[in-house]
1. Given the range 203-325, what whole percent of its Cα pairs are spread farther than 20 Å?
2. What is the spread of the Cα atoms of the range 356-504 along each of their three principal axes, largest first, in whole Å?
3. Counting other C-beta atoms within 10 Å, which of 464, 416 has the fewest, and how do the rest follow?
4. Tell me which lysines have Cα within less than 21 Å of residue 145's Cα, excluding those fewer than 8 residues away on the same chain?
5. At most 16 other Cβ atoms within 10 Å and a DSSP loop assignment: could you name the GluC sites (Glu not before Pro) in the range 333-395 that fit?
6. Where does the Debye-calculated log10 I(q)/I(0) of the range 61-162 sit at q = 0.13, 0.17, 0.19 Å⁻¹, using only Cα point scatterers of equal weight, no solvent?
7. When the convex hull of the C-alpha atoms of the range 278-380 is computed, what volume per residue in Å³ does it have?
8. When the label point is put 7 Å from the Cα of residue 84 along its Cα-to-beta-carbon vector, which residues of the range 134-154 have a backbone N closer than 16 Å?
Amino acid sequence: MTIRPSATVALVFALSACHDAPPQNHIVTLAVLTSPNSLDPRVGSDETSQRAHQLIYDNLLALDDELRVTGGLASSWQQRDPLTYDVVLRPGVLFHDGHELTAADVVFTFSSFIDPSFISARKGAYRVLDKVTALDRYTARFSLKEPFGSFPIQLVMPVVPNGATAALRDHPVGTGPYKFVSFAVDDRLELAAFPQYFRGAPANAGVVLKVVPDEIMRALELRKGTVDLVVNDLSPDVVHQLATDQTMAIAKSPGTDYAYVGFNLRDPVLGDRRVRHAIGYAIDRQAIVDHLRRGLASLAVGILPPVSWAFEPKVFQFAHDVATAKALLDEAGYPDPDGDGPEPRLRLTLKVSTNEFIRLQAAVIQQDLKQAGIELDVRSYEFATLYADVLKGNFQLFTLQWVGVSDPDMLRRVFHSTQMPPSGFNRGYYENPEVDRLIDAAGAAATEAERRRLFSEAQRLVSHDAPYISLWTKTNVAVSRTGIEGVKLTPSADFTFLRAVTKR
């Protein structure tokens, strides 16, 4: 299979002869796709907003390289009993306006999520939180309504100042390595280094998030030097071409974004596991990784990324095997009607977004399924329309990605039978009572070892039932100019690394 670079990639290099003055020295400029929707981390949930939050604020707790919960603003945390968690803050942490972080700020931040009048898409993560109280100046207590083993990861959340108002949306005040300077919607967010940052002042003078919606322009601005860095916002084809430029540097890390084909299990055809397995065997996932992704991905095993402490590698996985796919379709009652003739065994519809890469990937899947006798009608939609159809169950098959998967509780949100829309993310209407039992038991388990055992069993069952066909797990990639040093990506590709970046 040979994939040629797109015309847009060629255009990047045809237009790259023009030269503009580089940005101010010691200010690191990144190109991003969109403006942040809200600089209040309790509200903003889009990717650019979260990237900005990572620079302006700090999380109460943090994640290590295996996605385990560790200290952040908190120096320690302890589970007192199944319903009680105490978090102890580091003393001396300052907000950008000069006041010290205390338990009152923690109480205010997390109490927002259980305030009926406060509107936030994040509130569902705190459904079991009963109350938050300050035990002393530096200790906050979280009291739950019921045991929930994944609760600590919900504390991987920025802390805002006590009494913060709606003004935080556009004029944020945090404890992070960078303080707010200015924000022009659809243009740029400017941040300056915070010298009193509790982990040490950043190595650069500041960061600018420059909004560049068009991929051609993002690549051009990198080559011209009007931006210094792009993280995960260039297609594999463009990265492949920029990698040949001696003025560019590439940094990579294993990622957590997960691409998949989803099924509607209420569909009379796709409700048959043999048909889902036939589709899984028919898709050449390795070709997608090698050629479409240009190697910037790995074959996905399941929704949890391999870097996660709860990841289970010993699960059922599909190999590319067209003969097995045909045999399963025969067994399911879909024989080839005309031997080697043109008539398909069955017809299905796949809904995808209008993104160029996604449409190309869908065309490859279409050809793969044709080899097994399945005629696939690919229909592309603007993302909002596609997403609305998925939420309503108006599909047979669809492709989407889960972005930044870090919490094993994602297994509950996606595969538990109580999590069907509008209550959760079980959009394919998957039901398995044993999976429900294992996930419920994992949520109530007292130890990490027991949670891991239960989550592993659940992953093994889900893999065999195949409510999803796992495609690939993304490889994070940053493209920077060679004068930019200190770029080191985390599995979640967050922007916290920027405080160590220097610019020659």
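1. Pairs farther apart than 20 Å: 61 percent.
2. Cα extents, longest axis first: 57, 48, 30 Å.
3. In increasing order of surrounding Cβ atoms, one gets 464, 416.
4. Leaving aside lysines fewer than 8 places away in the same chain, those within reach of residue 145 are 123, 131.
5. 382
6. Per q value, in the given order, log10 I(q)/I(0) is -0.44, -0.76, -0.96.
7. Hull volume over Cα atoms, normalised by residue count, gives 120 Å³.
8. 134-136, 139-148
Every read-out reported here was derived from the displayed coordinates using simple, explicitly stated rules and does not represent laboratory data. In this text the structure is predicted, and so the values were computed from the model without any measurement. In this analysis, Cβ positions are derived from the backbone assuming ideal geometry, glycine residues included, and neighbour counts consider all displayed protein chains.
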